[in-house]
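Report on one structure; see the data block that follows.
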Amino acid sequence: DRGSGAERTSNQKFAAVTGANRGIGRVTAISLAKEGWTVALLGRDVAGVTEVAKEIGKNALPVQCDVGDRDSVAQAFATIKEKFGRLDLLFNNAGVVPPAALLEDVKVEDWEHIFTINVGGTFFCTQEAFSLMKEQGPQGGRIINNGSLSAHAPRPNSAPYTASKHAITGLTRATSLDGRKYNIACGRYRDWE
């Protein structure tokens, strides 16, 4: 444990990656660890993030987190604060893709689910990261949101996903603007698929 001190005492850098149990999140977490970062692996699938943590070794901390659940996110970031004492990078990667459907046939539950995870989860994690990053010394950090070309060039039958990724573009810009006074930068990772 590093305690709850907010001052950096070494050159160690701390990151959190959501959806770290597979795909881009897994690869990103492993890559960060290879570059010397200590990484919190956030995911609903405890077994999955634990497996990735074993692959990484001592610089990994598996943390159960459902990004669509505000309380779960708050608990995950409380764990990060307790174990790391600070956060230098957040990669908002967790997301879902609903089944393809004609616009008129999109189910309300699919629409709500994708916005809860893709947009709500990114927002909740960003709020928690802000709280840590603005209080630590040195102040600030970086937030990367996993974007998509779909925000600019949608595929047919993908209205919920397209709308959620368009919302991420707006959230990224607003976060970047609001973070300036705290030295918190925010950008998008991907604009292609």
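Radius of gyration over Kirkwood radius for the chain, both on Cα atoms: the Rg/Rh ratio is 0.98. Placing pseudo-labels 7 Å out from each Cα toward the beta carbon at Ser10 and His113 gives an inter-label distance of 4.3 nm. At 37 °C and a viscosity of 0.692 mPa s, what translational diffusion coefficient does Stokes-Einstein give for the range 101-181, taking Rh as the Kirkwood radius over Cα pairs? Give it in µm²/s as a whole number. This corresponds to a translational diffusion coefficient of 236 µm²/s. In this structure His166 has an accessible area near 110 Å², from a 1.4 Å probe over the protein heavy atoms. Modelled label positions at Asp71 and Ala185, each set 7 Å beyond Cα in the direction of Cβ, lie 3.8 nm from each other. For the range 41-130, the spread of Cα positions along the three principal axes, ordered from largest to smallest, is 49, 28, 19 Å.
On the range 1-90, 45 percent of the accessible area sits on carbon and sulfur atoms, based on a 1.4 Å probe. Across the range 82-133, the volume of the C-alpha convex hull divided among the residues equals 88 Å³ per residue. Which angle between 0 and 90 degrees, to the nearest 10, do you get for helix 46-56 versus the longest principal axis of the chain when only C-alpha atoms count? With both axes taken from Cα atoms, the answer is about 50 degrees. Full extension of the segment from Ala78 to Glu135, taken as 0.36 nm per residue of separation minus the current Cα-Cα distance, would add 19.1 nm.
Between Val27 and Glu51, the FRET efficiency from the beta-carbon distance, with R0 = 22 Å, is close to 0.95.
The values are calculated or read from the model by the stated rules, or taken from the named source; none is laboratory data. Keep in mind it's a predicted model, so treat the numbers as computed, not measured. Ideal geometry is used to build each Cβ from the backbone, glycine not excepted, and the neighbour counts take in all protein chains shown. Heads up: the accessible areas ignore ligands, DNA and RNA and are worked out on the full protein's heavy atoms, side chains in. Shrake-Rupley method; radii C 1.70, N 1.55, O 1.52, S 1.80 Å.
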